[in-house]
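> To start, I am sharing the structure in question, which I have written as structure tokens.
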Amino acid sequence: MPEIKRASIEDEQDIFNLVRELADAVGFAEQAPLIDMGIWSRTLEKMLSSPDWVFLLARENGEAVGLLIFFIRPTLASGLNRATITEMVVSERARGKGIGRRLVEEAKRIALEKGCTIFDVSTELDNAGAEGFYTRMGFTRRRHYYEAQL
């Protein structure tokens with residue numbers, strides 16, 4: 001059974017590899033040559049040291065096979081805390097073993113401990129697999145998400 005644990009800076013290479021696998025899967029790989037690894041590492045360190053960010057790493061036989069990153073944000077309109085998944089990936093070779101389910105369940109548990117009442121996630125428009133997965137995990141489609149390139 002895979003082990004789920006909070007990631008630390010010592011897991012930087014595993015985090016990078018899994019985030020890169022996610023970027024390849026959703027079509028962000030063409031941006032990879034633009035990544036400044038010094039900035040990437042400092043950003044990771046800042047996120048890991050913040051109590052508002054949670055990095056969960058799944059390992060199977062010592063190998064990193066899954067990653068879920070979420071952050072906690074308070075909302076003034078409702079007065080409630082929300083947890084938002086920003087990245088989630090399970091290595092292609094490890095899919096179908098319940099690793100994604102275990103990552104989400106652990107993330108929900110931690111979010112509840114941190115006072116969250118809402119847990120949300122967004123997916124790419126053409127990612128039917130992720131849409132089906134999140135629906136099975138109890139998420140419902142409630143809003144449209146918009147973005148602008150700066």
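> Say whether the condition of being over 21 Å from Tyr134 (Cα atoms), surrounded by 15 or more Cβ atoms within 10 Å (Cβ to Cβ) and without any contact (Cβ under 8 Å) to a residue 60 or more places away in the chain is met by at least one residue in the stretch 36-44.
Yes; the residues of the stretch 36-44 include at least one that is over 21 Å from Tyr134 (Cα atoms), surrounded by 15 or more Cβ atoms within 10 Å (Cβ to Cβ) and without any contact (Cβ under 8 Å) to a residue 60 or more places away in the chain.
> Shifting gears a bit: Conditions first: (1) farther than 15 Å from Arg6 by Cα; (2) in contact with a Gly (Cβ under 8 Å, 6 or more places away or on another chain); (3) of a type in the set (Gly, Ala, Ser). Gly66 passes all but one, so which condition is the exception?
(1)
> Taking the criterion of being under 13 Å from the mean Cα position of the chain (by Cα), assigned to a strand (DSSP E or B) and more than 18 Å from Arg143 (Cβ to Cβ), would at least one residue in the stretch 93-114 satisfy it?
Within the stretch 93-114 (the criterion being under 13 Å from the mean Cα position of the chain (by Cα), assigned to a strand (DSSP E or B) and more than 18 Å from Arg143 (Cβ to Cβ)), the answer is no, since none of the residues qualifies.
> How many residues are farther than 17 Å from Val65 by Cα and either touching a Cys at 6+ places or on another chain (Cβ under 7 Å) or of a type in the set (Asp, Glu) (or both) if we restrict to the stretch 75-96?
3
> Then there is this: Among the listed residues Thr140, Thr84, which satisfies the condition of being surrounded by 11 or more Cβ atoms within 10 Å (Cβ to Cβ) and among the polar types (S, T, N, Q)?
Working: Thr140 fails: surrounded by 11 or more Cβ atoms within 10 Å (Cβ to Cβ).
Only one candidate passes the filter, namely Thr84.
> Of the residues that sit in the stretch 88-98 and are of a type outside the set (Gly, Ala, Ser) and either surrounded by fewer than 22 Cβ atoms within 10 Å (Cβ to Cβ) or free of Cβ contacts under 8 Å to residues at least 12 places away in the same chain (or both), which one is farthest from Leu22 (Cα to Cα)?
Residue satisfying both the conditions and the ranking: Lys97.
Each value in this text was obtained by applying a stated rule to the coordinates, not by laboratory testing. What you see is a predicted model, and the numbers here were worked out from it, not measured in a lab. Here Cβ is always computed from backbone atoms with ideal geometry, including for glycine, and neighbour counts include all displayed protein chains.
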